[in-house]
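Chemist: The following block contains the structure, expressed as structure tokens.
Only the coordinates and a few stated rules stand behind these numbers; no lab work does. Only a predicted model underlies this, so the values are computations on that prediction, with no experimental measurement involved. Cβ placement follows ideal geometry from the backbone for every residue including glycine, while neighbour counts extend to all protein chains displayed.
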Amino acid sequence: MSFRDDERGQAIQVGAVLLFATLIIAFSTYQAFVVPNQNREVEFNHNQDVQGDLQEVRNTVVSVPGGNTGRSIRVDLGARYPSRLVALNPGPATGTLRTIGTSDERYKLTITNATTTGETGDYWNGSSHVYNTGGLAYAPNYNLYDQAPRTIYENSVLYNEGRDRSITVTDQQLIRGNRITLVTLNGSLGTTRSGTVSVDPEPLSTSTRTVTVSNDSHNVTVRVPTRLSAAQWRNLTAGETNVRGLTVDSGAVDGDWGLLKLDLEPDTTYDLRMAKVGMGTGYDDPTAEYILPVAGNESTVPEGGTQRITVEVRDGYNNPVEGVDVNASVSLTDASVSPTQRETNAEGQVVFAYNATDVEIDGVAQETERLNISFDTPPGGLDTTTFDRQAPENVTVELTVRNADDSGLGGGGGGSGDLVYDGNAVAYDGQDGNSVPGGVNATFINEFGQDLTITDIRVAPQNANIDTLDDTVGTNTPAAPGRNELYVDSDVQNGYVDVDDGFGLPTTIDVDSDGFLNNGNPVVSAGSPMTVYLYEFYDGGTNVDMGGQTVDITVSYRLENGLFGEKTYSVTPTGSGSGGGGTTAAERVDFVTGSQDPDFTLTGSLAFDIENTGMSDVTVEQMSVDVTSAENIQTLEEGIGVNPEMEIVGTTDSGSYSTGSYSLGNTVTLDNFATIDGNSQATFGLRYFRRGSNRQSVASEDISVTVTYSDGSTDTFTFTA
């Protein structure tokens, strides 16, 4: 048999070839289309993840001004494709993370026209303060996702920068209400890789400190480099009513980076928080810029005594600087300071001990000591006339050294004697609308043999959390205890001071010139008492119960013979009350002698006045009335239908009782309670006393009126009409 022309096996061969060709085409299609689409999705998801990593970096940076110590964040720069058995992946996708401008002086943050008070005002005096800063950018190098944005951090904002526009990922923190938060970046970071990198924001200057700044007549202005447009910044600051003006000078820095200018509302107080953060390597620690006293300034020291003085050195970000040498010197002969040079601690602070043990004062009540302290001036230049106490690197701490033994002040009442605290201070509630005894009443007795004039009073709670003295009373006049921050009740002349928004503590009050309301210097005669009323004390916005809280009160005075004196008293109020003059309403309310007015409208009517001598209001809720000398007068009946039988015209809320007829001697609850302000009078009106159905005059009759107050106390006023 011949097989040469047999064709039976060809179909199998052709099928095998066709099947192999189909597999090749399917694999080619998978490699050409499926794999790229899957890897493009991998790259897109990676880009979303890396934005989350960078948001963690951003959150860490912006939290540094609150004292955050920083942390390490892992950022995955490149995408990793899934392993494939047959198909091929492209080479690894990489990403680049680098700082921009953080070591380039063209990239700078500037704040202008920011001013504040005290020693901090030597530095924050309205001049321009300039700080290097920049941004952090991530640029992916994907194989397939060619529309991937660059992700950039700058000035508290993280955003994606595409070919045509930028889209913000986070909000801004530069200005939020009355808070300005400025964080600068410094150093150099640059890396390109397909794996992860650890980003370690290094807090170079941070603390929880804030500085209160403002400017009465000019805008506080902040300028920062930016790649965003003015329209984008307007969206970011929408709703910030303190932003008065906003512009971006495009390309002003280097072509790609412009300059954002924020003009803030003038005559507004802002809390300024600043920090400096290092990125990568090559960053610089900030240097010392200014010094300020923290404790001991304006203290009074007796001759022979000592006083601790604490100063703090800060950098341009208002944060403490460690390891700075600070020098100190004294001005009074025989006084000393120890040590004369000391290095700042981790809080940027130095403690010096002032020593007056060898100081002898004679012929005057006190002398002023001036300690010149500086981290820039060497010890030999501190006690010269060229020492500039207004320079930010210098500070002068003033102490009053008191003539403790009154040596050389003369006898026979010339300068001998004392101003004595009676030891019976009490905490009281003022007229602020709550019941917290946040005020202090302290009485002092002039035991000099002559008139004494109070010039200044310093108030310094020993509890450092008590930071405000504020009466919080809407009506400041007429001046009265509890109605003003300071009131001095004296026999010759009273004194008082009222100031808008209260005093920050500790503070020294110049009695005849501080505040918008004052009355000259109070004067107390020889042998007489005077009472100092301080209302009320606050910890932040919380009213403090002053019972048991110690306050150092320093009284500066001038004697009739021309000598000056000053003395500090540690006053600890005991107990508490609702207001001056007594602890209950009944103890604070008095009948006004001679105010009774029988038949003041028609026959049978009676009016009289009472006075609330306390500092807080009282409320009358119940009354009873009786004519004790005429039993035949038995009722109060208005009869005309116009006025109530009982009426109290108070200073806040008037009260009344009206039922048509009231039987004398009964206790009734008023239809409307009467509220009488502190240090105010109210008039009671009674209509009409009747004998039978006829109105009867009560002139010359004995009257008894009993009132019950909201605190449960009762008062009975007896008088002859």
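Chemist: Report relative contact order for the chain in percent, whole number only (criteria: Cα-Cα under 8 Å, sequence separation at least 6).
Modeler: For the chain, the relative contact order is 8 percent.
Chemist: To continue, here is another question. Describe numerically, in nm with one decimal, the distance between label points set 7 Å from Cα along Cα→Cβ at Ile24 and at Thr357.
Modeler: That separation, rounded to one decimal, is 10.5 nm.
Chemist: Moving on to the next point. Please list, in order along region 215-224, the HN-Hα scalar couplings obtained from phi with the Karplus expression 6.51 cos²θ - 1.76 cosθ + 1.60 (θ = phi - 60°), rounded to whole Hz, x for Gly and Pro.
Modeler: My calculation for region 215-224 gives 7, 5, 10, 10, 6, 5, 10, 10, 10, 9 Hz in order.
Chemist: Would you please give the residues with an amide H less than 5 Å from that of Thr635, counting only those at least 5 places away or on a separate chain, with H modeled from the backbone geometry?
Modeler: The answer is Leu664, Arg690.
Chemist: Apply the Karplus curve 6.51 cos²θ - 1.76 cosθ + 1.60, θ = phi - 60°, to the phi angles in region 329-340 and return the couplings in whole Hz, x for Gly and Pro.
Modeler: Those phi angles translate into 8, 10, 10, 7, 4, 6, 8, 8, 10, 9, x, 7 Hz.
Chemist: Using modelled backbone amide H atoms (1.01 Å from N, in-plane), which distant-in-sequence or interchain residues come within less than 5 Å of Leu158's amide H?
Modeler: Amide H neighbours of Leu158, under 5 Å, 5+ apart: Val169, Thr170.
Chemist: I'd like the Karplus ³J(HN,Hα) series for region 143-152: coefficients 6.51, -1.76, 1.60, θ = phi - 60°, whole numbers in Hz, and an x wherever there's a Gly or Pro.
Modeler: 7, 10, 7, 7, 9, 5, x, 7, 10, 10
Chemist: Counting other C-beta atoms within 10 Å, and keeping those with at most 16, which DSSP coil trypsin sites (Lys or Arg not before Pro) do you find in region 61-134?
Modeler: Arg71, Arg80, Arg84, Arg106
Chemist: Efficiency by 1/(1 + (r/R0)^6): what FRET value for Val592 and Asp334, r their Cβ-Cβ distance, R0 = 60 Å, to the nearest 0.05?
Modeler: Once rounded, the FRET efficiency stands at 0.50.
Chemist: With r defined as the distance between the Cβ atoms of Thr603 and Thr667 and R0 fixed at 41 Å, what FRET efficiency is calculated, to the nearest 0.05?
Modeler: 0.95
Chemist: May I ask you to list the GluC sites (Glu not before Pro) in region 336-417 that are in a DSSP loop and have at most 15 other Cβ atoms within 10 Å of their Cβ?
Modeler: Glu347, Glu360
Chemist: Identify which of the listed values of percent of Cα pairs over 37 Å apart was calculated from the structure shown: (1) 56; (2) 62; (3) 42.
Modeler: Computing percent of Cα pairs over 37 Å apart and matching it to (1) 56; (2) 62; (3) 42 gives (2).
Chemist: To the nearest 10 degrees, how steeply does helix 35-62 sit against the main Cα axis of the chain, on a 0 to 90 scale?
Modeler: It works out to around 30 degrees.
Chemist: Mind giving me the FRET efficiency for Glu347 and Phe564? R0 is 45 Å, r the Cβ-Cβ distance, nearest 0.05 is fine.
Modeler: Calculated value: 0.75.
Chemist: Name the residue from Ala721, Gly348, Ser658 whose Cα lies farthest towards the positive end of the charge dipole of the chain, charges +1 on Cβ of Lys and Arg and -1 on Cβ of Asp and Glu.
Modeler: Sorting the options by dipole projection puts first Gly348.
Chemist: Taking the beta-carbon count within 10 Å as an exposure proxy, list Arg588, Arg370, Arg273 from fewest neighbours to most.
Modeler: Ordered by Cβ neighbours within 10 Å, fewest first: Arg370, Arg273, Arg588.
Chemist: On to the next question. Could you work out how far helix 10-29 tilts from the main Cα principal axis of the chain, as a 0 to 90 degree angle to the nearest 10?
Modeler: It works out to around 30 degrees.
Chemist: Right, something else. If you filter region 514-557 for chymotrypsin sites (Phe, Trp or Tyr not before Pro), then keep DSSP loop positions with at most 10 other Cβ within 10 Å, what is left?
Modeler: Counting only loop positions with at most 10 other Cβ atoms within 10 Å, the chymotrypsin sites (Phe, Trp or Tyr not before Pro) in region 514-557 are Phe516.
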